[in-house]
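Novice: Would you mind keeping the following structure in view while I ask a few things?
The values are calculated or read from the model by the stated rules, or taken from the named source; none is laboratory data. Every value quoted in this text rests on a predicted model; they were computed, and no experiment measured them. As a convention, Cβ positions derive from the backbone with ideal geometry for all residues, glycine included, and neighbour counts pool all protein chains shown. SASA here: full protein model, heavy atoms, side chains in, ligands and nucleic acids out. Shrake-Rupley method; radii C 1.70, N 1.55, O 1.52, S 1.80 Å.
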Amino acid sequence: MPVIKYLRILLLTAVCLLYAPFPSFNALAGEPLTTGKTTEAFNFSAFADKLNPSLIRSLFERLPGFLPMASNKIITIIDFSLPSTAHRLWTINLETGEVLFNTLVAHGKNTGQNIAEKFSNIPQSYQSSLGFYLTDQVYTGKHGHSLRLKGLEKNVNDKAWERAIVIHGADYVSESFIKAHGRLGRSHGCPAIPPEITEDFISTIKEGSLLFIYHPGYDQRAG
């Protein structure tokens with residue numbers, strides 16, 4: 001079997017496994033799945049082409065510990081192993097398998113150019129932080145409609161509130177910026193998103209949904 005075909009099958013299998021245990025995930029959250037809901041509408045093959053298998057592995061290992069903290073079945077995954085030119089943010093309804101958003105997202109200015117390389121939990125580092133977060137308060141600030149994040153992992157992202165790491169829209173997160181510069185613009189560490197989706201995005205994930213920001217370096221940090 002050709003290597004590329006074999007790898008594609010492995011990726012597809014990994015994604016299928018990601019969704020197969022949904023009932024146990026929901027049981028952890030204290031709310032069983034509604035009978036009859038499936039993931040039939042989900043395009044597994046398209047998603048498998050873009051997912052990092054090590055992200056899936058980390059998600060499997062750690063999600064059961066964080067899911068009970070969430071107030072709903074929605075999770076947002078950001079894969080910073082992908083370049084900023086990729087649509088590397090997915091928001092998924094764990095109950096139905098539906099992808100609610102798949103979009104561009106910026107990393108911090110000191111995390112890297114097009115490729116994210118360095119991460120920090122230190123104030124004023126202007127670097128992104130990895131790991132699991134809970135979404136919190138919605139507010140209007142200098143970037144307009146914004147969403148506070150609460151870092152859940154000590155020494156990995158627990159200073160997110162202090163650092164004002166929030167989700168907000170930014171003009172530099174756009175296909176036109178990529179066309180002009182070969183990459184997205186960069187934030188001060190916030191996962192900035194396209195301004196045109198900001199209101200809908202924040203409304204969907206606010207008040208207690210999980211966010212997981214991944215890069216292979218997370219596996220060493222989370223230990």
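Novice: What does the C-alpha gyration tensor say about the overall shape of the range 153-223? Classify as rounded when a/c is under 1.5, otherwise prolate if a/b is larger than b/c, or oblate.
Specialist: Details: a/c = 2.19, a/b = 1.38, b/c = 1.58.
Oblate, since a/c reaches 1.5 and b/c is not below a/b.
Novice: Read phi for every residue in the range 177-193 and hand back ³J(HN,Hα) as whole Hz from Karplus 6.51 cos²θ - 1.76 cosθ + 1.60, θ = phi - 60°, with x for Gly and Pro.
Specialist: 5, 4, 4, 7, 10, x, 6, 6, x, 10, 9, 8, x, 7, x, 7, 10
Novice: Tell me which residues come under 5 Å, amide H to amide H, from Gly108 once H is placed; ignore anything under 5 positions away on its chain.
Specialist: Ser128, Ser187, Gly189
Novice: Rolling a 1.4 angstrom probe over the protein heavy atoms, how many square angstrom per residue are accessible across the range 171-223? Mind dumping the intermediate values first?
Specialist: Numbers: 2490 Å² over 53 residues.
Spelled out: the 1.4 Å probe surface of the range 171-223, per residue, equals 47 Å².
Novice: Something else now. How large is ³J(HN,Hα) for each residue in the range 76-81, as worked out from phi by the Karplus curve 6.51 cos²θ - 1.76 cosθ + 1.60 (θ = phi - 60°), to whole Hz, x for Gly and Pro?
Specialist: 10, 10, 10, 9, 7, 7
Novice: Still on this structure, please answer the following. Quick check: convex hull of the Cα atoms in the range 103-215, volume per residue, rounded to a whole Å³?
Specialist: Details: hull volume 10.3 nm³, N = 113.
In the range 103-215, the Cα hull volume divided by residue count equals 91 Å³.
Novice: Moving on to the next point. From the phi angles alone, apply the Karplus equation (6.51, -1.76, 1.60; θ = phi - 60°) to the range 202-210 and give each ³J(HN,Hα) in whole Hz, x where the residue is Gly or Pro.
Specialist: 5, 4, 6, 10, 5, 6, x, 8, 7
Novice: How much of Asp200 can a 1.4 Å solvent probe reach, expressed as accessible area in Å² and rounded to 10?
Specialist: Asp200 has an accessible surface of roughly 100 Å² with all protein chains in place.
Novice: Ok, one more. Give me, ordered by chain and number, the residues 5 or more places off Leu100 or on other chains with an amide H under 5 Å from its own placed amide H.
Specialist: Thr91, Ile92, Asn93
Novice: Output the Cα-based Rg and Dmax of the range 48-148 in Å, rounding Rg to one decimal and Dmax to a whole number.
Specialist: 14.5, 39
Novice: Separate question: Given labels modelled 7 Å from the Cα in the Cβ direction, how far is it in nm from His188 to Glu117?
Specialist: The answer from the label model is 2.4 nm.
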